[in-house]
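Q: Right, I'll just put the structure down here and ask away after.
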Amino acid sequence: MRKTSKKTPGADEIAEMATRGENVSGYFTNRFTVVRRVHRVNVDLTHGMLRDLDARAAKLNISRQAVIKTLLGRALTEELEHKPRTKHG
């Protein structure tokens with residue numbers, strides 16, 4: 001006997017179902033990630049910096065880009081944490 005599988009409706013179909021007043025809560029898992037808009041940039045790095053980034057990426061088994069994002073994110077967070085707060089008023 002063959003298994004019959006229902007095709008999961010796409011976003012437009014789910015939106016139409018919701019518009020008709022149908023319960024569409026079963027299509028949502030409450031697990032999501034926030035996708036932020038991405039801007040591409042070019043950065044000039046020395047050969048030594050690239051070598052160090054690639055070595056770290058290989059050690060962690062992640063991409064060079066992931067290493068750059070992680071290190072940059074840490075640096076920015078640390079800067080904000082150590083920045084003196086001023087009172088506005």
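Read-outs throughout are calculated quantities, based only on the coordinates presented, and are distinct from any laboratory measurement. If you're wondering where the values come from, they're calculated on a predicted model, not measured in any experiment. Cβ placement follows ideal geometry from the backbone for every residue including glycine, while neighbour counts extend to all protein chains displayed.
Q: Which residues' amide hydrogens lie under 5 Å from the amide hydrogen of residue 62, considering only partners 5 or more residues apart or on another chain, with H built in the peptide plane?
A: For residue 62, whose amide H was placed from the backbone, there are no distant partners under 5 Å.
Q: Tell me the label only: which of (1) 41, 14, 9; (2) 20, 12, 12; (3) 44, 25, 13 is semi-axes √(5λ) of the Cα gyration tensor in Å as calculated from this structure?
A: Recomputing semi-axes √(5λ) of the Cα gyration tensor in Å here gives the entry labelled (3).
Q: Applying the Karplus parametrisation 6.51 cos²θ - 1.76 cosθ + 1.60 with θ = phi - 60° to the phi angles of segment 47-57, what ³J(HN,Hα) value in whole Hz is obtained for each residue in order, glycine and proline being reported as x?
A: Per-residue couplings from phi come out as 4, x, 5, 5, 4, 5, 4, 5, 5, 5, 4 Hz.
Q: While we're on this one: Who wins for biggest fluctuation among 38, 67, 24 in a Gaussian network model of the chain, springs between alpha carbons below 10 Å?
A: Highest fluctuation of the listed residues: 24.
Q: Say R0 is 22 Å: what FRET efficiency, to the nearest 0.05, do residue 51 and residue 79 get from their beta-carbon distance? Mind showing how you got there, number by number?
A: Numbers: r = 25 Å, r/R0 = 1.16.
With R0 = 22 Å, the Cβ-Cβ based efficiency is 0.30.
Q: Give me the angle, in degrees from 0 to 90, between the Cα long axis of helix 64-82 and the longest principal axis of the Cα atoms of the chain, rounded to the nearest 10.
A: Tilt relative to the chain: about 70 degrees.
Q: Excluding residue 52 itself, calculate the net charge of residues whose Cβ lies under 11 Å from the Cβ of residue 52, where each Lys or Arg counts +1 and each Asp or Glu counts -1.
A: +3
Q: Counting only helical runs of four or more DSSP H residues, what would the 222 nm mean residue ellipticity of the chain come to if each run contributes -39,500 (n - 2.57) and the total is spread over all its residues?
A: Counting only the DSSP helices, I get -15000 deg cm²/dmol.
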